Amino acid sequence: MSDTGGGHRAAAQALQSAFAVRYPGQFQVEIVDLWAEYTPWPVNQLPRLYSPIVAHALWLWKLLWIVSENERTISFLRRLLYLICRNNLQKILQEHRPRLIISVHPLTQHIPLHLLAKEGVHLPFVTVVTDLISTNHNWFHAQVDRCFVASEAAADAARRRGLQPHQVRLLGLPIRPVFAEPLPARETVRASLGLTNAGLIALLVGGGEGMGPVAAIAHAVAKRLAATGTSGELVVICGRNQRLRRELQRTDWPIPVQVHGFVDNMPEWMAASDCIITKAGPGTIAEALICGLPILLSGFIPGQEEGNVPFVVDNGVGAYCDSPAGIAAIVSSWGGPEREKLAQMAARARRLGHPQAVYDIVDEIVELL
């Protein structure tokens, strides 16, 4: 994998955990950050640019996405990177001596496969696509043994890039195995988390890094619920953004609000909530669907997250709005006159979820060995 955004590492860790649960003691699964750990300077610094770019210069990220979709340009860059990095990349095979390689990043297919071919090494190689709908073509290489995808749109994209039907497997996104377990009763988990059972519980998340207009949305939702007299509570998960957490914890809120930093019990918070407000990250969407949680999308990263918006809206499992005031109005409506609509979205979300996807993927990978 490459640590650009939390989704790729999360997918790798989910697969690692699933191997341990499903096949205890039978496999040694090692997570390798290809670009940060096995390339020379300055290439090994490039992944660090991802978070600042998507946080402060989305126009630049959109430009880079467009460039990466140009086959001639990206082929030249891959050849250049291989020439620069091949000596370092050889250390992966020497140090780990893998029996099989799994890629969970669009930029860890072509160069590793080229390296294996040059070294004369024949290993099973699989790709687990961690994007939901909008998939960069670098995800797909015709020489992989399996390519696991989470949607028909991604499967179609793989076939257009030359993969054969037997190579493409539509099983869902690899989410942490804990999401495959039965959800606790809502009343029980609410009590354990210090929440009430009365009114709407809205969960606002900013991802692992607490990105986006989380503070503005929190203030707008709290103000709207208080002004309309809608019974409800707000839970804000700030991730590793300590500055945001401290700012929100010092706020005098007009309704009950819980503010937390990075949490390791997200399934419990989702099970306790009536809806989630989040950017259109595929992992969070997949987790919310498994938990039957209606989704209010507050934004998206150009390129890989664009298609997730119509996926949520068209499947009737949520809504999209990038205005804090508009988001607040939707949440207030869901907690009041559209409460029945909220229940219908929750039911549709459960039908779309794939709680066993990570185990299904691991089982098929094991078959290759």
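Can you give the direction-averaged projected area of the convex hull of the alpha-carbon atoms in the stretch 150-217, in nm²?
Numbers: hull surface 32.9 nm².
Computing the convex hull of the Cα atoms and averaging its projections yields 8.2 nm².
Exposed loop sites are taken as trypsin sites (Lys or Arg not before Pro) in a DSSP loop (any state but H, G, I, E or B) with at most 13 other beta carbon atoms within 10 Å; the longest stretch of the chain without one runs 100-249. For the chain, the longest principal axis of the Cα atoms and the long axis of helix 6-22 meet at an angle of about 80 degrees. Every Cα-Cα pair in the stretch 219-318 was counted, and those over 20 Å apart are 45% of them.
Remark on the chain: Rg and Dmax equal 21.3, 69 Å (Cα only).
For the chain, the longest principal axis of the alpha carbon atoms and the long axis of helix 214-228 meet at an angle near 30°. So what's the angle, to the nearest 10 degrees on a 0 to 90 scale, between helix 110-119 and the longest Cα principal axis of the chain? Once rounded, one gets 30 degrees.
Please state the relative contact order of the chain as a whole percent: Cα pairs under 8 Å, 6+ residues apart?
17 percent
One Cα centroid belongs to the stretch 164-188, the other to the stretch 317-358; the line between them spans 19 Å. Only helices enter this figure: runs of n ≥ 4 DSSP H residues, each worth -39500 (n - 2.57), summed and divided by the residues of the chain, yield -14000 deg cm²/dmol at 222 nm to the nearest 500. Eigenvalues of the alpha-carbon gyration tensor of the stretch 182-352, scaled by 5 and square-rooted, set the equivalent ellipsoid semi-axes at 21, 19, 17 angstrom, largest first.
Expressed as a fraction of 2.2 N^0.38 Å, the rule-of-thumb size for a compact globular protein of N residues, what is the C-alpha radius of gyration of the stretch 1-98? Intermediate results must be reported in sequence, preceding the final value.
Working: Rg = 16.1 Å, N = 98, 2.2 N^0.38 = 12.6 Å.
Taking N as the residue count of the stretch 1-98, the ratio is 1.28.
Comparing G172, G292, G303 in a Gaussian network model of the chain (Cα springs below 10 Å), the most mobile by mean-square fluctuation is G303. Using all pairs of distinct alpha-carbon atoms, the Kirkwood hydrodynamic radius of the stretch 33-164 works out to 15.8 angstrom.
In plain terms, the chain is cut at each of the GluC sites (Glu not before Pro) found in a DSSP loop with at most 13 other Cβ atoms within 10 Å, and the longest leftover piece is 70-369.
Per residue, the convex hull spanned by the Cα atoms of the stretch 243-286 amounts to 108 cubic angstrom.
Here, each number is a calculation from the coordinates, and none is a lab measurement. Note that the structure is a prediction, hence the values are computed from the model and not measured. All Cβ positions, even for glycine, are placed from backbone atoms using ideal geometry, and neighbour counts span all protein chains on display.
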